[in-house]
Every structure is written in C-alpha cells, then in structure tokens.
Amino acid sequence: LAACRATMRECQRLDTTAHVWRLGKRLVDGFRERARAEGVADHVRIIGFDCNPQIVCTQGDGRYWPELSMVFHEEVISHGVLIPWITITQSHGEAELARTLDAVQRGMKRARWALDAGTVATAFQGAPPKPVFRAYNYPEAAK
C-alpha cells in the first residue's frame with residue numbers, strides 16, 4: 001500500500017497523465033503524417049486514444065490484413081521496436097519517440113514495397129498469424 005501511495009504521489013508530482021497524452025498525440029500525429037507520406041494511410045493506421053493507441057493493418061475495405069501486419073511489424077521489430085499496442089509511460093521521451101517514428105516509417109516503406117510488388121502474402125518470414133477466435137476453438141456444447 002505504501003508503494004502504491006508513493007507511486008501515485010510521484011505521478012501527480014510529474015503530471016504523468018499530461019505527459020502520456022502529450023507524447024501520445026505526437027506519436028499519433030507523426031505516425032499518420034508518415035503513413036500519408038509513404039502512401040499507406042489506407043492500410044497502415046493508428047487508432048484509439050492518444051494515450052494508448054493501436055496500430056492496425058487493413059485491406060481497402062477496412063478488414064484486418066494479417067499478412068500486411070506481418071510485413072509491417074517484422075520490419076519495425078527488426079529496428080528494435082516491438083509494437084502494435086502502445087503503452088506510453090513517464091519513462092518515454094524524445095529519444096524513444098524518434099526511434100519509434102523512424103522504425104514505423106521503415107515498416108511503412110516495406111509495406112508500400114510489398115503492396116506495389118503484389119507480394120504481401122509472401123513478403124515475411126514464417127506463416128501469417130491466424131485469428132485466436134475461430135469456429136473450431138469453441139467447445140462442442142457451444143456450437
């Protein structure tokens with residue numbers, strides 16, 4: 001309980017809530033600006049609240065595109081940023097923002113290349129992810 005109270009006091013002192021929202025807005029705005037510049041804004045998007053956004057890769061009609069997500073994230077991860085869901089903290093600052101925006105722009109360039117080459121389905125290593133909730137995941141009684 002004491003540790004919780006001390007943490008809450010420190011978050012209030014540092015105004016962590018404002019920091020998280022402010023840095024998150026800069027991340028979201030920078031992401032969208034880069035997606036437009038790379039010509040992938042219709043496919044590589046950032047959604048949600050500025051303080052906790054998510055990256056989604058979609059087909060033209062808005063459906064999730066797991067293969068494009070693999071292409072994008074494989075590149076981003078290769079540059080040291082593990083991201084689809086983003087949890088911004090007090091410890092994140094200018095250096096982390098710059099590194100993240102650089103990595104996502106590289107991921108967008110690779111996505112653009114795969115889209116242009118028509119190789120989205122094969123432009124990554126391994127098999128594409130499958131949805132966790134599929135018809136055969138349910139118990140027999142629920143069918």
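Listed residues ARG110, ARG63, ARG45; which is among the charged types (D, E, K, R), at pLDDT 95 or above, within 17 Å of the chain's Cα centre (by Cα) and more than 20 Å from VAL28 (Cβ to Cβ)? If you could, list the steps in order and put the result at the bottom.
On the way: ARG63 fails: at pLDDT 95 or above; ARG45 fails: more than 20 Å from VAL28 (Cβ to Cβ).
That would be ARG110, the only listed residue that is among the charged types (D, E, K, R), at pLDDT 95 or above, within 17 Å of the chain's Cα centre (by Cα) and more than 20 Å from VAL28 (Cβ to Cβ).
Considering (1) at pLDDT 95 or above; (2) open to solvent by less than 80 Å² (accessible area, probe 1.4 Å), say which one PRO53 fails and leave the rest.
Condition (1) is where PRO53 drops out.
State whether the residues of region 26-34 include one that is in contact (Cβ under 8 Å) with a residue 40 or more places away in the chain and open to solvent by 30 Å² or more (accessible area, probe 1.4 Å). Before the answer, list the steps.
So in region 26-34, the residues in contact (Cβ under 8 Å) with a residue 40 or more places away in the chain come out as 26-27, 30-31, 34.
Subsequent filtering for residues that are open to solvent by 30 Å² or more (accessible area, probe 1.4 Å) retains 26, 34.
Yes; the residues of region 26-34 include at least one that is in contact (Cβ under 8 Å) with a residue 40 or more places away in the chain and open to solvent by 30 Å² or more (accessible area, probe 1.4 Å).
List, please: which pairs have Cβ atoms under 7 Å, are six or more places apart or on different chains, and start with a residue in region 80-99 that is over 19 Å from ARG34 (Cα atoms) and end with one that is part of a loop (DSSP other than H, G, I, E, B) and open to solvent by 40 Å² or more (accessible area, probe 1.4 Å)?
THR87/ASN52
Out of (1) on the phi > 0 side of the Ramachandran plot; (2) touching a residue at least 40 places away in the same chain (Cβ under 8 Å), what's the single condition that is false for GLY62?
Tallying (1) on the phi > 0 side of the Ramachandran plot; (2) touching a residue at least 40 places away in the same chain (Cβ under 8 Å), GLY62 fails exactly one: (2).
Quick check: anything in region 76-94 crowded, with 20+ Cβ neighbours inside 10 Å, among the β-branched types (Val, Ile, Thr) and at pLDDT 95 or above?
yes
Looking at ALA103, ALA123, ALA111, which one is open to solvent by less than 40 Å² (accessible area, probe 1.4 Å), of a type outside the set (D, E, K, R) and in contact with a strand residue (DSSP E or B) (Cβ under 6 Å, 6 or more places away or on another chain)? Lay out the reasoning, then the answer.
Details: ALA103 fails: in contact with a strand residue (DSSP E or B) (Cβ under 6 Å, 6 or more places away or on another chain); ALA123 fails: in contact with a strand residue (DSSP E or B) (Cβ under 6 Å, 6 or more places away or on another chain).
None of the other options fit; the residue is ALA111.
From the list ASP116, ASP61, which one is part of a loop (DSSP other than H, G, I, E, B), open to solvent by 80 Å² or more (accessible area, probe 1.4 Å) and more than 30 Å from ARG9 (Cα to Cα)? Break it down into steps so the answer makes sense when it comes.
On the way: ASP116 fails: part of a loop (DSSP other than H, G, I, E, B).
One residue alone meets the criteria, ASP61.
The values are calculated or read from the model by the stated rules, or taken from the named source; none is laboratory data. The model shown is predicted, which means the values in this text are computed figures rather than measured ones. Methodologically, a virtual Cβ is constructed for each residue, glycine included, from the backbone with ideal geometry; neighbour enumeration extends over all protein chains shown. With ligands, DNA and RNA removed, areas are computed over all heavy atoms of the protein, side chains included. Shrake-Rupley method; radii C 1.70, N 1.55, O 1.52, S 1.80 Å.
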